[in-house]
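Structure record follows, encoded as structure tokens.
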Amino acid sequence: MFATVNGISLAYSDTREGHPVVLLVHGFPFNRAMWDPQFGSLRARARVIAPDLRGFGASEAGPPGPLTMEQHADDLAALLDAIGVTEPVVFCGLSMGGYVGFQFWRRHRHCVRAFVFADTRAAADSAEARAGRLAMAERVESSGSVHAAVETMLPRLFAPGLRLDSPVPRQVEAMMASTSPRAIADGQRGMAQRSDSRELLPGITVPTLVIVGEQDVISPGVPREMEAMAAAMPRAVFVQVPNAGHVSNLENPDWFNQALLAFLDSLSVQRDRRR
Ligand code: MLT
């Protein structure tokens, strides 16, 4: 399905029926296909909407320039509006999807019923990480190929020990390779300029699930950093996914889905108690 939002055509999947509404926001440089195991499992329990962010998957990129977290957040709010979703949503973002979540909270918090932050961080990049992103953007642009990005990122995405020629890494590699050089370059520039969101954490007052692959090694100490992030949020629970790295939802989908479903159940219990 497609909706025209903020001057571009945005692709999305939508089960159209059910409650609550869960918005699944993909990481970088992926697309909504990364949520296939969740889409199938959640649809009996919720309305599930999974967009391709601007520039990724089947969505248009819009004018050239950094793909900012602010723009993605505004696109998501406009998408919900365009398809008539009026109730606040359970915003579930993995990695870059989580960065977008913080901007969504800054700009559209009335649209948020609850959060799921998966394998992500609230902090901005270090100067070194920022420089690495800009260098990768240049490499991809000057070569006109996404090869450099795939080669750099792929080995850090999974639990150490998972062979890169096994099915999940191959699926992720194909998804990355299908992303355009422009989306990779502008996506890196957009993430490089994202703001630090740690000051938001104590004010995120909606129920929140913070979930991370026990062996997420995308950057040093991610599981501990996410544990601290959860501790700074008044209503967050922290869980670790065993046998999983950065793409925990794909590496251990059964465990990830169970945690997500239990979290959705806890939301209805809270709602019933308030009646
Ligand atoms: C992601 O999975 O979205 C990326 O690892 C985010 C990043 O590069 O910081």
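The values are calculated or read from the model by the stated rules, or taken from the named source; none is laboratory data. In this text, all values refer to a predicted model and were calculated from it rather than measured experimentally. FYI the Cβ positions are ideal-geometry reconstructions off the backbone, even for glycines, and counts take in every protein chain you see.
See the values below:
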| read-out | value |
| --- | --- |
| Lone unmet requirement of (1) surrounded by fewer than 18 Cβ atoms within 10 Å (Cβ to Cβ); (2) free of Cβ contacts under 8 Å to residues at least 40 places away in the same chain; (3) closer than 27 Å to residue 167 by Cα for residue 18 | (3) |
| Residue within the range 162-182 that is closer than 30 Å to residue 107 by Cβ, touching a residue at least 12 places away in the same chain (Cβ under 8 Å) and touching a Pro at 6+ places or on another chain (Cβ under 6 Å) present | yes |
| Which listed residue is of a type in the set (Gly, Ala, Ser) and under 22 Å from residue 177 (Cα atoms), from 82, 58, 73, 78 | 58 |
| Where residue 67 falls short, out of the listed (1) within 16 Å of the ligand (Cβ to nearest atom); (2) in contact with a helix residue (DSSP H, G or I) (Cβ under 7 Å, 6 or more places away or on another chain); (3) closer than 20 Å to residue 207 by Cα | (3) |
| The lone exception for residue 4 - which of (1) of a type in the set (S, T, N, Q); (2) touching a strand residue (DSSP E or B) at 6+ places or on another chain (Cβ under 8 Å); (3) over 17 Å from residue 118 (Cα atoms); (4) within 15 Å of the ligand (Cβ to nearest atom) it fails | (4) |
| Lone qualifier among 135, 185, 149 - being farther than 19 Å from residue 25 by Cα, modelled with pLDDT under 95 and within 14 Å of the ligand (Cβ to nearest atom) | 149 |
| Cβ-Cβ under 8 Å pairs, at least 6 apart or on other chains, the range 216-233 side within 13 Å of residue 95 (Cα to Cα), far side within 16 Å of the ligand (Cβ to nearest atom) and part of a helix (DSSP H, G or I) | 216/222; 216/223; 216/248; 217/156; 218/156; 219/129 |
| Residue 229, sole failed condition from (1) outside any loop (DSSP other than H, G, I, E, B); (2) more than 15 Å from residue 119 (Cβ to Cβ) | (2) |
| When residues of the range 64-99 are limited to those that are assigned to a loop (DSSP other than H, G, I, E, B) and in contact with a strand residue (DSSP E or B) (Cβ under 9 Å, 6 or more places away or on another chain), the one nearest to residue 110 (Cα to Cα) | 88 |
| Tally of residues being touching a residue at least 40 places away in the same chain (Cβ under 8 Å) and either within 13 Å of the ligand (Cβ to nearest atom) or over 20 Å from residue 224 (Cα atoms) (or both) across the range 104-132 | 16 |
| Search result, residues across the range 214-226 that are within 17 Å of residue 201 (Cα to Cα) and either in contact with a helix residue (DSSP H, G or I) (Cβ under 7 Å, 6 or more places away or on another chain) or crowded, with 16+ Cβ neighbours inside 10 Å (or both) | 222, 223, 225, 226 |
| Exclusive hit being β-branched (Val, Ile, Thr), touching a strand residue (DSSP E or B) at 6+ places or on another chain (Cβ under 8 Å) and over 25 Å from residue 32 (Cα atoms), set 204, 211 | 204 |
| Criterion violated by residue 101 - all others in (1) touching a residue at least 60 places away in the same chain (Cβ under 8 Å); (2) within 11 Å of the ligand (Cβ to nearest atom) satisfied | (2) |
| Considering residues of the range 227-271 that are in contact with a Phe, Trp or Tyr (Cβ under 8 Å, 6 or more places away or on another chain) and acidic (Asp, Glu) only, the residue surrounded by the fewest Cβ atoms within 10 Å (Cβ to Cβ) | 227 |
| Residue in the range 195-206 that is among the small types (Gly, Ala, Ser), without any contact (Cβ under 8 Å) to a residue 12 or more places away in the chain and more than 29 Å from residue 107 (Cβ to Cβ) present | no |
